[in-house]
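Below you'll find the structure, written out as structure tokens, and then a few comments.
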Amino acid sequence: MTFDSLPDTLRWENNRFFIIDQTVLPENFIEIELQTRDEIYAAIRHLKVRGAPAIGIAGAYGLCVCAQAHIDKPYSAFVSEVQQDAHYLSSARPTAVNLCWAIKRMIRKIHSSRSKDTAKVYESMVNEASKIHKEDLALCEAIGRHGKNLITKGCGILTHCNAGSLAASKLGTATAPMYMAAAEGVSFRVYTDETRPLCQGSRLTAWELQRAGLDVTLICDDMAASTMSKGLINLVIVGTDRVAANGDVANKIGTLGVAIMAKFYGIPFYVACPSTTFDPATETGKDIVIEQREASEVCHFGDKRTAPENIKVLNPAFDITPKELVTGIITEKGIIMPPYDKNLKQLGVK
Ligand code: MRU
């Protein structure tokens, strides 16, 4: 396989910002342009662009689009308006640390700019956003290099949600070891959980892995245990939205169940992420804010209502997998093994 065929989930060209609209995949593969602060906020909030690294990059480019609207204002008004936009965009989704991380980095860039010429400050913002994007590309490649040896000929890998090209840059995070192993001619099978309620596994992971020519099988979330019990899964690799200082990880709802099942069947459970997803300021998983989403996502399958009117619904978008269930964390610096509190610090990860 060649990596060139992998989709570019975000694109900045001639001061214009484009994303692949992930809400209409796999039926429609279209790019849309985001031109206003509200469009950017809504695209992140409604998962047109999603996945921890991708929403970080979207926040950075998005802030550049916001800055365009203030470029003719005096410097202090420009900075104050962009700061308000930054605050607003950061609030679009709470769990993935990458969004706030990237936006904070953009604000630091504005303050470190020696020029008070708003056009020059804007230029430095665009450079910084594109640097964040390019860095993510390299981080994903390094994750792939460190993780690919976990994948052996004939093995079966389970993944959950989408931590692929669509969620990051090119190789993705959980998919990077898969793409690299495939490029080296290793043959293996991937099983992707459907990932209710929004079906990122079936709509996105199944689409992108199939498109890349990998051997991928879709299963419903409730088939994971029986698939493991039949010996079809030898390895689990998932992404994450935030890793706490002690090694607890937040990821798409259902990841905790997969980790518990993997433990039961003695299957290694790896989490793949760049160091931009580590949050040393958050001590444990209990301190991670879990996004609660609309009941309608659970009460419907697509446009069809699948639950009675007025039913009480729980819809947390993420869950916390305790560090004890995580075999290792595949990062750009290598695979970090327990004890995570000590080893994350030692590796100088963020
Ligand atoms: O709600 P989503 O689709 O943004 O959730 C995404 C995930 O849970 C991913 O696994 C995570 O962000 C890692 S993406 C490389």
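Working carefully through the options R145, R203, R196, find the one that is charged (D, E, K, R), open to solvent by 30 Å² or more (accessible area, probe 1.4 Å) and either within 11 Å of the ligand (Cβ to nearest atom) or assigned to a strand (DSSP E or B) (or both). Please lay out each step first, then the result.
Values: R145 fails: either within 11 Å of the ligand (Cβ to nearest atom) or assigned to a strand (DSSP E or B) (or both); R196 fails: either within 11 Å of the ligand (Cβ to nearest atom) or assigned to a strand (DSSP E or B) (or both).
Checking each option against the conditions leaves just R203.
Here are some residues: A244, A212, A259. Which one is surrounded by fewer than 23 Cβ atoms within 10 Å (Cβ to Cβ), of a type in the set (G, A, S) and on the phi < 0 side of the Ramachandran plot?
Numbers: A244 fails: surrounded by fewer than 23 Cβ atoms within 10 Å (Cβ to Cβ); A259 fails: surrounded by fewer than 23 Cβ atoms within 10 Å (Cβ to Cβ).
Just a single option satisfies the conditions, and that option is A212.
Confirm whether E294 is within 16 Å of the ligand (Cβ to nearest atom), outside any helix (DSSP H, G or I) and open to solvent by 20 Å² or more (accessible area, probe 1.4 Å).
On the way: within 16 Å of the ligand (Cβ to nearest atom): yes; outside any helix (DSSP H, G or I): yes; open to solvent by 20 Å² or more (accessible area, probe 1.4 Å): yes.
Criteria met by E294.
Only one of these is open to solvent by 40 Å² or more (accessible area, probe 1.4 Å), closer than 17 Å to K170 by Cα and in a loop (DSSP other than H, G, I, E, B): D8, D72. Name it.
From the options D8, D72, the qualifying one is D8.
Which of (1) assigned by TED's automatic domain parsing to the domain that holds G334; (2) part of a loop (DSSP other than H, G, I, E, B); (3) within 16 Å of the ligand (Cβ to nearest atom) does R93 not meet, given it meets every other one?
It fails just one condition, (1).
Picking from F264, F278, which residue would you name as being aromatic (F, W, Y) and surrounded by 15 or more Cβ atoms within 10 Å (Cβ to Cβ)?
Numbers: F264 fails: surrounded by 15 or more Cβ atoms within 10 Å (Cβ to Cβ).
Result of the check over F264, F278: F278.
Listed residues I311, I330, I267, I335; which is under 16 Å from the mean Cα position of the chain (by Cα) and either more than 22 Å from T173 (Cα to Cα) or in the same structural domain as Y191 (by TED's automatic domain parsing) (or both)?
On the way: I311 fails: under 16 Å from the mean Cα position of the chain (by Cα); I267 fails: under 16 Å from the mean Cα position of the chain (by Cα); I335 fails: under 16 Å from the mean Cα position of the chain (by Cα).
Step by step, each of I311, I330, I267, I335 is checked, and only I330 is under 16 Å from the mean Cα position of the chain (by Cα) and either more than 22 Å from T173 (Cα to Cα) or in the same structural domain as Y191 (by TED's automatic domain parsing) (or both).
Scan the stretch 70-84 residue by residue and report those that are free of Cβ contacts under 8 Å to residues at least 12 places away in the same chain and within 27 Å of the chain's Cα centre (by Cα).
Q84
Need the failing condition index for A181 against (1) closer than 20 Å to P7 by Cβ; (2) out of contact with any Lys or Arg (no Cβ under 6 Å at 6 or more places or on another chain); (3) open to solvent by less than 10 Å² (accessible area, probe 1.4 Å); (4) of a type in the set (A, V, I, L, M, F, W, C), just the number.
Among (1) closer than 20 Å to P7 by Cβ; (2) out of contact with any Lys or Arg (no Cβ under 6 Å at 6 or more places or on another chain); (3) open to solvent by less than 10 Å² (accessible area, probe 1.4 Å); (4) of a type in the set (A, V, I, L, M, F, W, C), the lone unmet condition for A181 is (2).
Tell me yes or no: at least one residue of the stretch 42-65 is away from the ligand (no atom under 16 Å from the Cβ), part of a helix (DSSP H, G or I) and out of contact with any helix residue (DSSP H, G or I) (no Cβ under 9 Å at 6 or more places or on another chain).
Looking for residues that are away from the ligand (no atom under 16 Å from the Cβ), part of a helix (DSSP H, G or I) and out of contact with any helix residue (DSSP H, G or I) (no Cβ under 9 Å at 6 or more places or on another chain), one finds none in the stretch 42-65, hence no.
Being within 15 Å of the chain's Cα centre (by Cα), closer than 17 Å to M106 by Cα and either open to solvent by 10 Å² or more (accessible area, probe 1.4 Å) or of a type in the set (S, T, N, Q) (or both) is the filter here; which residues of the stretch 42-69 pass it?
Selection gives P53 alone.
If a residue must be in contact (Cβ under 8 Å) with a residue 12 or more places away in the chain, surrounded by 13 or more Cβ atoms within 10 Å (Cβ to Cβ) and not in a loop (DSSP other than H, G, I, E, B), how many such residues does the stretch 11-41 contain?
Residues flagged as in contact (Cβ under 8 Å) with a residue 12 or more places away in the chain, surrounded by 13 or more Cβ atoms within 10 Å (Cβ to Cβ) and not in a loop (DSSP other than H, G, I, E, B) within the stretch 11-41 amount to 13.
How many of the residues making up the stretch 240-271 are within 13 Å of the ligand (Cβ to nearest atom) and without any contact (Cβ under 8 Å) to a residue 40 or more places away in the chain?
Of the residues in that region, 0 qualify.
Sort out which residues of the stretch 248-284 are in contact with a strand residue (DSSP E or B) (Cβ under 7 Å, 6 or more places away or on another chain), in a loop (DSSP other than H, G, I, E, B) and not β-branched (V, I, T), and write them in order of number.
Answer for the stretch 248-284, where residues must be in contact with a strand residue (DSSP E or B) (Cβ under 7 Å, 6 or more places away or on another chain), in a loop (DSSP other than H, G, I, E, B) and not β-branched (V, I, T): D248, G254, P268, C273, P274, E283.
Which of the residues spanning the stretch 212-241 are in contact with a helix residue (DSSP H, G or I) (Cβ under 7 Å, 6 or more places away or on another chain) and either outside the structural domain of T277 (by TED's automatic domain parsing) or closer than 19 Å to L166 by Cβ (or both)? Talk me through it step by step, then tell me what you get.
So in the stretch 212-241, the residues in contact with a helix residue (DSSP H, G or I) (Cβ under 7 Å, 6 or more places away or on another chain) come out as 212, 214, 216, 218-219, 224-225, 228, 233, 235-241.
Scanning the stretch 212-241 gives A212, L214, V216, L218, I237, V238, G239, T240, D241.
The values are calculated or read from the model by the stated rules, or taken from the named source; none is laboratory data. Since we're looking at a predicted model, the values are computed, not measured. Glycine gets a Cβ as well: all are built from the backbone with ideal geometry, and neighbour counts include every protein chain shown. SASA here: full protein model, heavy atoms, side chains in, ligands and nucleic acids out. Shrake-Rupley method; radii C 1.70, N 1.55, O 1.52, S 1.80 Å.
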